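Here's the structure, in structure tokens; my notes come after.
The values are calculated or read from the model by the stated rules, or taken from the named source; none is laboratory data. Bear in mind that the values here come from a model prediction, so they are computed numbers and not experimental data. Please note: Cβ atoms are built from the backbone with ideal geometry, for glycine as well, and neighbour counts cover all protein chains shown. Accessible surface areas use protein heavy atoms only, side chains included; no ligands, DNA or RNA. Shrake-Rupley method; radii C 1.70, N 1.55, O 1.52, S 1.80 Å.
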Protein chains: 2
Amino acid sequence: MQDLRASDIREILKVTQKPEVISFAGGLPASELLPARQMAELARNLLLDDGVRALQYAPTEGLEVLREIIARRLGERLGLQRQPDEVLIVTGSQQALDLTGKVFVDERDAVLCESPTYLGAINALRAYQPRFVEVPTDDDGMVPEELERRLESVDRVKLIYVVPDFQNPSGRRWSVERRRRLAEMAARFGVPVIEDSPYGELYFEGEPLPPVASFDDADVVVYLGTLSKILSPGMRLGWVTAERSLLRRYVLAKQGVDLHTPSLTQLLAARFMLEHDLDAHIAGIRDVYRRRRDAMVAALETLVPLGVRFTRPAGGLFLWVELPEGINARELLERCLELDVAFVPGGAFFANGGHENTLRLNFSAMPEERITEGIRRLGTVLSSVAMAAG
Amino acid sequence: MQDLRASDIREILKVTQKPEVISFAGGLPASELLPARQMAELARNLLLDDGVRALQYAPTEGLEVLREIIARRLGERLGLQRQPDEVLIVTGSQQALDLTGKVFVDERDAVLCESPTYLGAINALRAYQPRFVEVPTDDDGMVPEELERRLESVDRVKLIYVVPDFQNPSGRRWSVERRRRLAEMAARFGVPVIEDSPYGELYFEGEPLPPVASFDDADVVVYLGTLSKILSPGMRLGWVTAERSLLRRYVLAKQGVDLHTPSLTQLLAARFMLEHDLDAHIAGIRDVYRRRRDAMVAALETLVPLGVRFTRPAGGLFLWVELPEGINARELLERCLELDVAFVPGGAFFANGGHENTLRLNFSAMPEERITEGIRRLGTVLSSVAMAAG
């Protein structure tokens, strides 16, 4: 069934290749913000002065220069004090999810996750045939009492998977209190937490919140980060940080799956961070996405009378919509595609299905006018569907 | 146990970082042949004229331009007529081995392999917990009668894994007849063959032999190739070609493990092949490696009186040594490391262990004088060990 869903999304994304389509379906960073010009000079210089290292085999753990930069950033940006040897470079954080399955999950083990949760994590972990147990989740994160009940009663819980910062698909951010309680509970039950944070630096107001890992005194939290949303997704660079002996298991697993992450992309990213100001670059991304979020929220406000509920995310790339019960987002999508508007039906993001009246909207990849126009068309279709539904 | 072995090799490779060590332990292409200068200009131009594509997300299957070039090469160089949509780009062919495990192997299934076989394949597949069944192998490849007996008698055989061209570790190349018979038998028993050919283009004399896949009328052969040994290992670029519905299963598996292979490296490799003459580049590699093989064989000839047997590979990067029974290559290694010479003990390359009197020597990474000197030292140690053994 999951395969079918993955291919559903692939089909949607294929349609959205057409330039006339207003696509809220993808999860692409804004192409115009990719620093191609700077990268061109960096890549040339890198290959001229350090060409052998860029083209030769590298250690499975990642190249030292990049591990050092990431370790330093974890301290400066998130308050996580890590040494370079506590950082493993991976081929995008999707790989970290697959390695997580290899390291922790056997057939019929239980994985606790948010409801909804990141589709890519479902896909990666499903290969290891766990039972997914959805933990009821509100605007502040997993409900602690619900999580505790499952930790007490569910058999063979091997991990808790969470995306606490501006989650894909819901756009929600966990409160500090919920983060603290998750770390405390995971320690008490001795269950590892996978804290996946691709969007943590894309907050639109105020300050970043401390990661779950910052409350972890028991070395049970594995923290995943990535450059995909703050520098370039096509470079496929992510990292895992965890307690050393646990990280060692990730390294051994990675050795079997791709030997190491490409050397060239690692060194290029390291040079970017050494020679340019990544924080200033991220601030620029935040400004653009904030305006796009504002445009989408403003346009959606006009739909509220129809009983549509939606999140107002304080960061990230996505906004989550709940339609009135009885309206099926897949059917809505078919009608929208006729008007050249695309999105992803929300059912795909629930590990055990259902919730067909939900949908995910991406706001990062398109200018404000297109967002406004796309939501207008979505509203038109929705009105006629709602009318037909009575 | 395998972890221990993998870490053994890591330890050896760590020692060999020291510049004074003569290392036959790695499997590195010659660093001085990596085309860093050409890549510097290509990377700059690529990022200036096609920067968004190089830095943005890409399809799981790989970028069209690279799939087209590889499909064309498969036809021109190997006589395999393939369309671009029959080619999947992977993050190094090591990833293809992991995907093979995901697609074909469940716990307790049987995998037939050569004896010895590629350690990286053992590592990748072992994660899926198969039984490895070693098929007796001579200088021409797997012995057909032995293979047939196992196909008849072993329960749950899910795949046959072979490296027919200048195998790592043995340096052996399968005869054309054995290739044909493997394809015929695999078709008859309906068992998929994984034909892994990283060294196929590195033949030192004559012409390349037709791949097993060229005799495959039943769509049972999955062919794996890579740019690691002919262009750059650090770029981590390989490919899988197979019948479409089978390849589709690899694509779905890859989607879960890393979404896609980095865009930048794919486009850079494609530009290299469009703007430079890869065949001429490979011819240059062949010339260098041929001389190094010659130097190693000549030096080893002096050890023959001691009862040492070794292969004289007609291509590739490795040469395989069998010591007299009773001499343990791990112990020999310890003595050699004292003289700053390293190699990999051969026991690691047997899926079910044993064969501690064998070792693998790499000849691609070092100039002739160093090879001669290293083998001289190896000979010295070997003489004293043989003397002590009586």
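Tabulated data for the structure shown
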read-out	value
Conditions (1) closer than 20 Å to B:V257 by Cα; (2) out of contact with any Leu (no Cβ under 7 Å at 6 or more places or on another chain); (3) crowded, with 21+ Cβ neighbours inside 10 Å: number failed by A:I160	(2)
Long-range neighbours under 9 Å by Cβ, at least six apart or interchain, first residue surrounded by fewer than 21 Cβ atoms within 10 Å (Cβ to Cβ) within the range A:41-68, second charged (D, E, K, R) and outside any helix (DSSP H, G or I)	none
Residues of the range A:163-190 that turn out to be surrounded by 18 or more Cβ atoms within 10 Å (Cβ to Cβ) and of a type outside the set (S, T, N, Q), as a count	16
Those residues of the range B:87-136 which are among the polar types (S, T, N, Q) and farther than 23 Å from B:V154 by Cα, in sequence order	B:T91, B:S93, B:Q94, B:Q95
Leading residue by the ranking (nearest to the other protein chains (Cβ to nearest Cβ)) among those in the range B:18-31 that are touching a residue at least 12 places away in the same chain (Cβ under 8 Å) and open to solvent by 50 Å² or more (accessible area, probe 1.4 Å)	B:L28
Filter result for the condition that a residue is within 12 Å of another protein chain (Cβ to nearest Cβ), under 19 Å from A:L99 (Cα atoms) and among the hydrophobic types (A, V, I, L, M, F, W, C), over A:L247, A:L227	A:L227
Total residues in the range A:250-260, condition more than 21 Å from B:Q255 (Cβ to Cβ), of a type in the set (V, I, T) and facing chain B (nearest Cβ under 7 Å)	0
Qualifying positions in the range A:74-125 - open to solvent by 20 Å² or more (accessible area, probe 1.4 Å), more than 23 Å from B:Y57 (Cα to Cα) and either charged (D, E, K, R) or under 18 Å from the mean Cα position of the chain (by Cα) (or both)	A:E76, A:R77, A:L78, A:R82, A:D85, A:E86, A:K102, A:D106, A:E107, A:R108, A:S115
Helices (runs of 4 or more DSSP H) lying entirely in the range B:95-192 (those with 3 or more residues that are away from chain A (no Cβ under 14 Å) and out of contact with any Phe, Trp or Tyr (no Cβ under 6 Å at 6 or more places or on another chain))	B:144-153, B:176-189
Options A:V321, A:V341; residue that is open to solvent by less than 10 Å² (accessible area, probe 1.4 Å) and more than 18 Å from A:V304 (Cβ to Cβ)	A:V341
Residue check for A:R37: at pLDDT 95 or above, over 30 Å from B:L28 (Cα atoms) and open to solvent by 10 Å² or more (accessible area, probe 1.4 Å)	yes
Any chance A:A269 is open to solvent by less than 10 Å² (accessible area, probe 1.4 Å) and more than 9 Å from chain B (Cβ to nearest Cβ)	yes
Lone qualifier among B:V220, B:V240 - being open to solvent by 10 Å² or more (accessible area, probe 1.4 Å) and within 18 Å of B:L74 (Cα to Cα)	B:V220
All positions within the range B:79-94 that are away from chain A (no Cβ under 13 Å) and in contact with a strand residue (DSSP E or B) (Cβ under 8 Å, 6 or more places away or on another chain)	B:L80, B:R82, B:E86, B:V87, B:L88
Any hit, the range A:32-44, residues being in contact with a helix residue (DSSP H, G or I) (Cβ under 6 Å, 6 or more places away or on another chain), more than 8 Å from chain B (Cβ to nearest Cβ), within 24 Å of A:I285 (Cβ to Cβ) and not hydrophobic (A, V, I, L, M, F, W, C)	no
Members of the range B:54-86 that are within 27 Å of A:S31 (Cα to Cα) and not in a helix (DSSP H, G or I)	B:Q56, B:Y57, B:A58, B:P59, B:T60, B:E61, B:G62, B:L63
B:S263 being of a type outside the set (D, E, K, R), surrounded by fewer than 18 Cβ atoms within 10 Å (Cβ to Cβ) and within 14 Å of another protein chain (Cβ to nearest Cβ)	no
Some residue of the range A:283-293 being within 14 Å of chain B (Cβ to nearest Cβ) and at pLDDT 95 or above	yes
Given (1) within 20 Å of the chain's Cα centre (by Cα); (2) under 25 Å from A:T91 (Cα atoms); (3) open to solvent by 30 Å² or more (accessible area, probe 1.4 Å), number of the condition A:R290 does not satisfy	(2)
Hits in the range B:99-157 - residues which are touching a Gly at 6+ places or on another chain (Cβ under 8 Å) and hydroxyl-bearing (S, T, Y)	B:Y128
Residue in the range B:347-358 that is within 22 Å of B:L202 (Cβ to Cβ), charged (D, E, K, R) and under 23 Å from the mean Cα position of the chain (by Cα) present	no
Options B:M235, B:M273; residue that is modelled with pLDDT of 95 or more and farther than 20 Å from A:M235 by Cα	B:M273
Qualifying residue in the range B:46-69 (condition: facing another protein chain (nearest Cβ under 9 Å) and under 18 Å from the mean Cα position of the chain (by Cα))	no
Qualifying residue in the range A:73-84 (condition: among the polar types (S, T, N, Q), within 19 Å of A:L259 (Cβ to Cβ) and modelled with pLDDT of 95 or more)	no
Residue within the range A:135-143 that is touching a residue at least 12 places away in the same chain (Cβ under 8 Å) and surrounded by 24 or more Cβ atoms within 10 Å (Cβ to Cβ) present	yes
Members of the range B:13-37 found to be in contact with an Asp or Glu (Cβ under 8 Å, 6 or more places away or on another chain) and outside any strand (DSSP E or B), listed by number	B:K18, B:E20, B:V21
Pairs with Cβ under 8 Å, 6+ apart, first in the range B:208-231 and on the phi > 0 side of the Ramachandran plot, second part of a loop (DSSP other than H, G, I, E, B)	B:D219/B:A242; B:D219/B:E243
Some residue of the range A:349-365 being open to solvent by 20 Å² or more (accessible area, probe 1.4 Å), more than 18 Å from A:E114 (Cα to Cα), in contact (Cβ under 8 Å) with a residue 12 or more places away in the chain and not in a helix (DSSP H, G or I)	yes
